[in-house]
Amino acid sequence: MQKPKVGLLGLTLEFYEQLAPQLRSDRENFVRQRLIPALADSAEVHFDHAVFTREDVERVVTGFETDGVDIILVVLLTYSPSLIAVNALKRTNLPIVIWNTQELYAIDESFGEAEIMANHGVHGTHDLCNVLVRTQVPFRYLTGHMDDPKTLAELTDHFTVAHAIACLRRARIGLLGYPFPGMGDFGLDTTYLAATLGCTWQPISISEYIQHAAGADAAEVKKLITDYRKAYKVASDVTEEDLAAAARAEITLRRLVKDHRLDAFSYQFLSFGQDERTETLPFVAACRLMADGIGFGGEGDLISAIHSALLGWLQPPAGFCEMFTIDFAGNAVLLCHMGEANVAMAPAGRVRLVRQAQPIVPIRGNQLSLVCTIQPGPATLTALTLTYEQRWRIIASEVTVEDFGPLDQLAAPHTKIKPAFGDVKDFLTAYGNAGGPHHMAICFGDARDKLAMTAQYLGAEYLEF
């Protein structure tokens, strides 16, 4: 992924231009020689010079917006009065983090006038935070030294979240067909979607899909068949024509993603079956596009497509999933779906390419599927949904992926997970009480802090189960 772009707003005091003319230059050198290198692994930092007037703050913030930074990092390089910055920070739509830091790590017997002049921004952050709270400007505040790994890790999370939100604001989601009839949990006012999250959706006809598939380049098809055979264990009953049909579907879906500039997509399998020209459903393609970082949601669910893309920006790789069956005896739940999962999350060498015994809708050919499970270990299961009064809610839980499968007798991706702590009965009850939808996303590791931070920046609710 591209590094987050961070606009560093370094503030000083105009009075010091006369009292201590070299102080600002000294603090700018501190930024260039110490702060920016400390952040270099996690961000592309934009910084030109420190500012001490309202007009300069306005110009710098406008420049950040023009440059397309993801977040503003405010650092008080000396004391600086809040009123030079509040208007610019109130006007901007960029996320704001105030980093309460300084060059000095310890105060000892050698501490004197030079040290206090170069290290007295903390009370400026108090002034600024007070005024931002008064004027209802959202911000996050963090105290810590640049040599503290925990502080840098927390800043990295802020930058990552801000970049993910920037991606979300300009995201485009494609919908092939129509939402599954009667599934109310992903019902959506797309105008509200654009107004609140910023992303927009693009309807795509099944006819367009079929026409592109019929015209797929033969050489591309042949190359993709070779890739399938190299990457997966192809079942003996899968024919060359089965592979060619899956390849044409993947070439088509990739073209649609490119032509419509999609960051995520969803399709409704029933709509494919209602056109007698449909050769096969793009299950294999969906698995492989998720592996390339494209979000996916099943059955016309734009919300889950958005959330799987968002989770992939926060903590890649991530994929779409759904709870299918409870394992009361094993204190676990089986995740499964018709044929879609992020194949990049599967253990190496344990992915089978199989023919499903019976296509789920009428098609002209056979239906192929990539059968795999997710790499065992810690993971985060999460969902995005709408609640009462059109409020967005992010729900998340720490889980453990078990070393289970893939089973020979199942012809779709499947994974068994268990709660990181506690009983599966309580786990599922809490999820239901939180209004969790039936489509979810999953990633490796613990992404709860990033998800909570994302909810804060979006003005959404956050719940753990």
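A few notes on this one:
- Dipole of the chain [Lys/Arg +1, Asp/Glu -1 at C-beta], most positive-end residue of LEU368, ALA434, VAL6: LEU368
- C-alpha long axis of helix 424-433 to longest principal axis of the chain, angle in °: 70
- Rounded to the nearest 20 debye, dipole of the chain from Cβ charges on Lys, Arg, Asp, Glu: 1060
- Helix-only [θ]222 nm of the chain, DSSP H runs n ≥ 4, -39500 (n - 2.57) each, per residue, nearest 500: -11000 deg cm²/dmol
- Using Cβ point charges alone (K and R +1, D and E -1), the dipole size of the stretch 368-465 about the Cα centre works out to roughly 200 debye.
- Loop trypsin sites (Lys or Arg not before Pro), the stretch 257-302, which have at most 14 other Cβ atoms in a 10 Å radius of their Cβ (DSSP): ARG261, ARG277
- Derived scalar couplings ³J(HN,Hα) [the stretch 351-359; Karplus, 6.51 cos²θ - 1.76 cosθ + 1.60; whole Hz; x for Gly, Pro]: 10, 10, 9, 10, 9, 6, 4, 9, x
- For the stretch 225-301, the square roots a ≥ b ≥ c of the C-alpha gyration tensor eigenvalues yield an a/c of 1.5 or more together with a/b not exceeding b/c, which makes the shape oblate.
Coordinate-derived values only; no laboratory data. Model, not experiment: these values are computed from the prediction. With ideal geometry, Cβ positions are generated from the backbone for all residues, glycine too; neighbour counts draw on all protein chains shown.
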